[in-house]
Amino acid sequence: MSDSPSPLADPHLVFDPVVGDGPRDIVILGSTGSIGTQAIDLVLRNPDRFRVTGLSAAGGRVELLAEQARQLRVRTVAVAREDVVPALREALSAQYGPGEPLPEILAGPDAATQLAASDCHTVLNGITGSIGLAPTLAALEAGRTLALANKESLIVGGPLVKALAKPGQIIPVDSEHAALFQALAAGTRADVRKLVVTASGGPFRGRTKSELADVTPQDALAHPTWAMGPVITINSATLVNKGLEVIEAHLLYDIPFDRIEVVVHPQSYVHSMVEFTDGSTLAQATPPDMRGPIAIGLGWPERVPDAAPAFDWTKASSWEFFPLDEEAFPSVGLARHVGELAGTAPAVFNAANEECVDAFLNGALPYLGIMETVTQVVAEHGTPRTGTSLTVADVLEAETWARARARELTAHTQATRTTAEVRA
């Protein structure tokens, strides 16, 4: 740990924007996704604590977005796709009564960023992918508490995010980092020996690398524990999500990579652990349910009663832990490597992976080809741009190159496979 530990996510530090009395005003980015819908469920069950003022979504589910806007009586709705504005306005008109004013509509690729800077206490960034970086930076610059479920924005823009964040301004919403956040409250940073990040192991836990050669997208989407979107579910199957979480833990808590360990815990009851210098290990445990971490993100330093189910300790249960098979799942080791390179390397890793996951889901790349291609893109990227000179433009340029190179390599792989099939 460095002499000046990162204050980004510290349970002992509370960043409290100046707001009025009454419920805490919340903006939810990615409201029609898994995190967003569960956050809305939590808000609707706790109207005395939370009030949603704005919602953003990509634009693929305008009817749901309109229904959410009416339920919550928000001021503003934002969509990334300008072409869906007429359909959104029609859906809103169908939800609201005659003469009722409709919420303001923001549209375009910068709509979520605009909304993130709007007047509120907390911004929940539940957007999937690195497109969440600009809203993350906007929320921090505007002085909002940031409940961060969009791990990619911290990973690809680490130095940029850390430069803007005030002590205690970021509260992590990933289940693993929310667990670390809570366990860290038991001691000081000087007391911490190790962070232990748990992984369910995904649908392919226990398989060797050779046994993964022919798995299909349907196989990879069958997660045994969590219900998530397709990209996150595939990342769980490859354990790329765990690699990203190792980088995120390093950035949030300023713990060196060699003191962040990954262990496989199939039941997903223990969400992560902190080992202290006296030999004690504190584990945060709940049944798998993202509403618990979301409640920490929205309500900290207060807890939200009955945010998520608790264990029934009258029933017997078994909790298992296994070492990570790094040969079958090389993504964690590669993530450590790009995390140590820092600069634009994590952005290249993440962008290449997103392209490869899309290709796998569309049948253009085999499962093992995901990490093989990402590894090659990272190697070709070479020495990343690092240091205080890193800019958003640098990150975007690196991502653009990585995506293009990943597509080129994927097309070559697909052509090679097609040729082999014809000859067979």
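Derivation of every value follows stated rules applied to the coordinates shown; laboratory data play no part. In this text the structure is predicted, and so the values were computed from the model without any measurement. Virtual Cβ from ideal backbone geometry, glycine too; neighbours counted across all protein chains shown.
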**Complete:** Ordering 243-255, 265-277 by per-residue average of other C-beta atoms within 10 angstrom, highest first, gives 243-255, 265-277
**Fill in**
Final fewest-first order of E152, E261, E399, E100 on the 10 Å Cβ neighbour count is E100, E261, E399, E152
**Förster-model FRET efficiency, 35 Å R0, L102 and A227, C-beta, rounded to 0.05** = 0.65
**Prompt:** With contacts defined as alpha carbon pairs under 8 Å and 6 or more residues apart, what's the relative contact order of the chain in percent?
**Reply:** 16 percent
**Request:** Place the peptides 178-187, 278-287 in order of packing, highest mean first, counting for every residue the other Cβ atoms within 10 Å and averaging per peptide.
**Result:** 178-187, 278-287
**Vicinal HN-Hα couplings computed from phi for region 297-311 (Karplus, 6.51 cos²θ - 1.76 cosθ + 1.60; Hz; Gly/Pro x)** = x, 7, x, 3, x, 8, 9, 9, x, 6, 4, 8, x, 10, 6
**Complete:** Computed from the beta carbon distance with a Förster radius of 22 Å, FRET efficiency for R303 and D48 to the nearest 0.05 stands at 0.95
**Prompt:** For E320 and D191 in one chain, what is 0.36 nm times their gap in residues minus the Cα-Cα distance, to one decimal in nm?
**Reply:** 43.8 nm
**Residue list for region 36-52, given a label point 7 angstrom along the Cα-to-Cβ vector of L64 and an amide N cut-off under 13 Å** = 36-41
**Fill in**
Nearest-0.05 FRET efficiency for A379 and W313 at R0 = 35 Å, using Cβ-Cβ distance, is 0.10
**Prompt:** L365's amide H: which non-local residues (gap 5+, or another chain) put their own amide H closer than 5 Å, with H modeled 1.01 Å from N in plane and none for Pro or chain starts?
**Reply:** F360
**Request:** Step through the residues of region 163-176 one at a time and calculate ³J(HN,Hα) from phi using the Karplus curve (6.51 cos²θ - 1.76 cosθ + 1.60, θ = phi - 60°), rounding each to whole Hz and writing x for Gly and Pro.
**Result:** 5, 8, 6, 8, x, x, 6, 9, 10, x, 10, 3, 4, 5
**Request:** Name the long-range amide H neighbours of I105: under 5 Å, sequence gap of 5 or more, or other chain; modelled H, no Pro or chain starts.
**Result:** V77
**Request:** At q = 0.14 Å⁻¹, what is the base-10 log of I(q)/I(0) for region 1-140 according to the Debye formula with one equal point scatterer per Cα and no solvent? Please give it to two decimals.
**Result:** -0.64
**Request:** Please go through the residue pairs K166/K194; K194/K242; K242/K315; K162/K194 and name each one whose alpha carbons sit more than 26 Å apart in this structure.
**Result:** K242/K315
**Asked** Could the peptides 41-52, 294-305 be put in order, highest first, of the mean number of other beta-carbon atoms found within 10 Å of their residues?
**Response** 294-305, 41-52
**Request:** For Rg/Rh (Cα atoms, Kirkwood Rh), several values are listed as (i) 1.01; (ii) 0.96; (iii) 1.05; flag the one computed from this structure.
**Result:** (ii)
**Prompt:** What is the Cα centroid distance between region 127-145 and region 168-244, reported in whole angstrom?
**Reply:** 22 Å
**Asked** Given Cα pairs under 8 Å that are at least 6 residues apart, what percent is the relative contact order of region 91-232?
**Response** 15 percent
**Message:** For a quick check: with amide H placed at 1.01 Å from N, whose amide H comes under 5 Å from A199's, ignoring anything fewer than 5 positions away on the same chain?
**Reply:** V263, V264, H265
**Fill in**
The distance between the Cα centres of region 342-405 and region 45-101, in whole Å, is 34 Å
**Request:** Could you run the Karplus curve 6.51 cos²θ - 1.76 cosθ + 1.60 with θ = phi - 60° over region 332-345 and give me ³J(HN,Hα) per residue in whole Hz, x for Gly and Pro?
**Result:** 5, x, 5, 5, 4, 4, 6, x, 6, 5, 6, x, 8, 4
